[in-house]
Each structure stands twice: as structure tokens, then as C-alpha cells.
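Notes follow the structure.
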Amino acid sequence: MKLNRLNIPIDVYLYRIISTNRSAMKKYTFLLLFSFLIWGNTYGQRENVITEESKVPEYKLPDALTLENGRKVKSEKVWFNKRRPEILKFFTTEIYGAVPGELGIAEVKVWEVSDDALNGLARRKQISLLFRKNNQNLEVNVLMYLPKTTKKVPVFLAYNFTGNHAVYNDPAIRLTESWVANNPSVGIINNRVTEQSRASADDRWPVEEIIKAGYGLITIYYGDVDPDKDDFSDGIHPFFYHEGQTHPESNEWGSIAAWAWGLSRVMDYLEKEPLVDSKKVAVLGHSRLGKSALWAGATDSRFAMVISNESGCGGAALSNRKFGETVQIINTAFPHWFCDNFLQYNDKEESLPVDQQMLLALIAPRPLYVASAEGDQWADPKGEFLSAKYASAVYELLGTEGLPVKEMPEINHPVMGTIGYHIRSGKHDLTTYDWKQYIRFADKWFGGK
Ligand code: GTR
């Protein structure tokens, strides 16, 4: 991904133009590209993006272990019965948005099962989960690579960004037919993928290593559930509209909550899948999909482990530090990710009664891994670390260690308690180094092969 000198992905700026004004984009491509590059480079100064630690404002974090009525939480019972529901309610109605109803899987279509994937090393299974309501249909394609054993296997469940066919060089993987953001360099044209798109993201998915370590990989394209554009007429949202409605209510779900909902529906399926140990599902996501994985872990305790890879603002990073991407910036660039109520907190992070350490605390006492990258200052690595550190108070109350260190570890020195953390060298990405740590973490908590 191309970055400017503030490490702000340029796709943030181009994204909105591509998705909202495609004909203008075609006509003025070069002019737009040029002006947006300039904009990207000066954005930091114009918007006062904080990129130095000395500029971080003083802040006082809301306390996960103090009830709204001011009393301290001192027992597991008060945490689970009172405080956790308070926090969950706030995140639900003011940040990510509530799912407006229930909708189960109408049908599971099995496309194929093969025992001969990865040169005989793995099983491959491709299915679709079909959702139906009021003449509307949604198809979520699930790709599974599983170790060949007679036992049910632990798995990593993760969304991919451009379609299942992009994760591995395997001609048997079905090409997605969903809308995908244009990227001619990997053959995505007119929002449709082509043969050229195969394996275009395979550097993010070390499938063979995952299988050899004894884990399955289950992946879905996030756009199957909700295409990533500021358009609430497609994806899962319209399934729940009352007559005449075209947009969720201000306390109802944005796209992150929709993607988290999709992960839970895959979990519904996995509970019935004989090849998978549904008690050992680690939900993982990178960046915006890391935000979704965290929200899925917070709202659905069936996920036994949660892994946030560089999820940043609205994910693991503390909002009150206002370092790198802020609430205002994210709500402006991606107005569809959160619920509309969240707009009230633009540039008013200090008025939030929660911060993101409390999102992490909702996952306690389940194992949680937060990862940062040195070159990803936009996501505020220190804010991600501090969030994991402060969430530990809840883990400790629940009788488990949380993060095993108090200071931020050195680059490429992972630490692993019930909460794991690393900051690696390199840029904003999901790398084999990251996966190696997640496999070690899963070995620690799921018991290895
Ligand atoms: C960026 C956005 C981040 C992060 C990232 C990604 O453009 O500012 O919050 O989610 O996208 O998903 O790659």
C-alpha cells in the first residue's frame, strides 16, 4: 500500500472519490490522483494530526471498573451482571450501532470438498451461507482449508479484503462475484474481479504454515456481507429496513457491526461443521477488519480467541490520545463504518464515557492478541499497547493475568499472557511474522497439535 510521509494510506483519500463519483474519476483520473496525493501529504498539517508523543493531550481515561453510579466493581459477578452490560450498551448504541433484528442462515450450499488441496496436505471446502428475507438474498462465500486429520480442528476465522480467490494460488477457489473496489493492477475492473486477481493477496495468508501448525483457515470476503462504501442500499443492512427506510437509525449498525454480524453467522455454521472445533475459533482481522474482529469478539463470546492486527482508531487504539487517526478523521473518511450517534464525539473524545481499552475488556477473560507495526503510526501503536495494558485490570479481576508487561516491549519482542502484544518492524500490513506469533499464541491457549 502506498503511504505518504505521515504514513497515512493514500487509499483513504482516493477511496471516497472512486466510490462516490466514478464517472468524474474516469474523466479526470490524473488530475484527481495528483491533487489527492498533495492533499494526502498536507493533510497532517491541515488537520493537526498528532504524530509526536509530546503533542498528545493530557487525558483521563474512563474506568472500566467503576459503575455508572460511581461504585467500584470488585467482583466477577458485578462485572458480568452490571458493569459489562453498561459498557456493551454504550458501544452498541453510540459507537458501532445495534443490529436491528435477527436473521439466521436460510440454507447452506456446499460447492465442493476436496482432500487434495495444497498438494495433498489439506482439505478444501467451499460453501455459501444464504440469507433470505422479503425477496432479498445475500450469499456469503466461505473458503476453508483444514488439516487432514480425523479430529475436529482449531481454526483462524478471518475476513479478506478482495475475495477468497486472492488468498492462495489455487485455481479451484471460486472467484467472487461481489462488488470489489477497483484495482486494475490486480485485475479488478468495473468492480469485478478477474482471473488476474487470483492469489493477489497471498503474501498475507501463509496457508501452508497455518495448516502445518495444525490449524484450519476459514476466510470470507467482507464485501459479501456489506460492500465497503457509503451506501446503505446494498449488503445486509436493507434486510432489516421497515417500509420506506433507506438508512439505519442513528443508533443502528454501521458497516463494522455488519461485518461483525457476518462473523457470528459463520460461527453459527461452524457450530455444526463436523470438521471444525467450534470451541477453538480464533477470530482475526487486519485494520478495519481488526476493528470488526474486536467487535465480533466483544458481542459474541463463542469466539474463544480474538486477534487484532493493527486495528487502530475505533479498534484497539485509545481514542483519547488523538494520535494519528482520530474519531473526527475516521468519521469523515468512512462515514459508514460506525453508527451516526458516534458523530457526536468528533473532536470530543474526552466526553466519551468509554475508551477502547473497555472494548478489549469486553473480551475478558478470553485470550486476546493486539498487534502493532512501527511503520503504522496512523494506527497509534502506543495507544494500542496502552489499551491492552489498561484492559488487563478486568482480566486480573477475572483471575487471569492479562498483559504480562507494564512497559511497551521492544520492536519484534512479542509478549504473551492472556493478552498478547507485539510491535513489529515494517509497515501497515498482515505479515507472516504476525501469523507466526498468532500461531504461537493459539498453541499456548488451544494446546497445540
Ligand atoms: C485506513 C483507515 C484505518 C484502517 C485502514 C485499513 O484508511 O484510516 O482506520 O482501518 O484504512 O482498513 O486498511
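The values are calculated or read from the model by the stated rules, or taken from the named source; none is laboratory data. Quick caveat: nothing in here was measured; it's all calculated off a predicted structure. Note that we place each Cβ from the backbone using ideal geometry, even for glycine, and neighbour counts take in every protein chain shown. For the accessible areas, the whole protein counts, side chains as well, though only heavy atoms, and no ligand, DNA or RNA atoms are used. Shrake-Rupley method; radii C 1.70, N 1.55, O 1.52, S 1.80 Å.
A few points about this structure:
- Pick from segment 278-320, criterion among the aliphatic types (A, V, I, L, M) and near the ligand (Cβ under 10 Å from one of its atoms), ranking: farthest from residue 204 (Cα to Cα): 317
- For segment 344-370, a residue qualifies if it is of a type in the set (Gly, Ala, Ser) and buried (at least 20 other Cβ atoms within 10 Å of the Cβ), and the qualifying residues are 361, 364.
- Scanning segment 376-402 for residues that are of a type in the set (A, V, I, L, M) and either in contact with a His (Cβ under 8 Å, 6 or more places away or on another chain) or open to solvent by less than 10 Å² (accessible area, probe 1.4 Å) (or both) yields 379, 388, 391, 394.
- In segment 152-184, residue surrounded by the most Cβ atoms within 10 Å (Cβ to Cβ) [restricted to those that are without any contact (Cβ under 8 Å) to a residue 24 or more places away in the chain and not polar (S, T, N, Q)]: 175
- Boolean, residue 373 is within 13 Å of the ligand (Cβ to nearest atom) and either buried (at least 24 other Cβ atoms within 10 Å of the Cβ) or under 19 Å from the mean Cα position of the chain (by Cα) (or both): yes
- Only one of 283, 327, 276, 306 that is at pLDDT 95 or above, among the β-branched types (Val, Ile, Thr) and over 19 Å from the mean Cα position of the chain (by Cα): 276
- Within segment 65-74, the residues that satisfy the criterion of being open to solvent by less than 100 Å² (accessible area, probe 1.4 Å) and in contact (Cβ under 8 Å) with a residue 24 or more places away in the chain are 65, 73.
- First in segment 241-263 and under 18 Å from residue 132 (Cα atoms), second anywhere and open to solvent by less than 40 Å² (accessible area, probe 1.4 Å) and not polar (S, T, N, Q), Cβ under 6 Å, 6 or more apart: 258/225; 258/226; 258/236; 259/222; 259/225; 262/225; 263/283; 263/296
- Residue check: residue 300 meets all listed conditions (1) open to solvent by 10 Å² or more (accessible area, probe 1.4 Å); (2) closer than 23 Å to residue 93 by Cβ; (3) touching a His at 6+ places or on another chain (Cβ under 9 Å) but one, namely (3).
- Any chance residue 434 is within 16 Å of the ligand (Cβ to nearest atom), buried (at least 18 other Cβ atoms within 10 Å of the Cβ), in a loop (DSSP other than H, G, I, E, B) and touching a residue at least 12 places away in the same chain (Cβ under 8 Å): no
- Every condition in (1) more than 24 Å from residue 446 (Cβ to Cβ); (2) over 15 Å from the mean Cα position of the chain (by Cα) holds for residue 268 except the one numbered (1).
- Here residue 335 passes the criteria (1) buried (at least 24 other Cβ atoms within 10 Å of the Cβ); (2) within 16 Å of the ligand (Cβ to nearest atom); (3) not in a helix (DSSP H, G or I) except the one numbered (1).
- Residue 248 fulfils the conditions (1) part of a helix (DSSP H, G or I); (2) of a type outside the set (Gly, Ala, Ser); (3) over 30 Å from residue 153 (Cβ atoms) except for a single criterion, (1).
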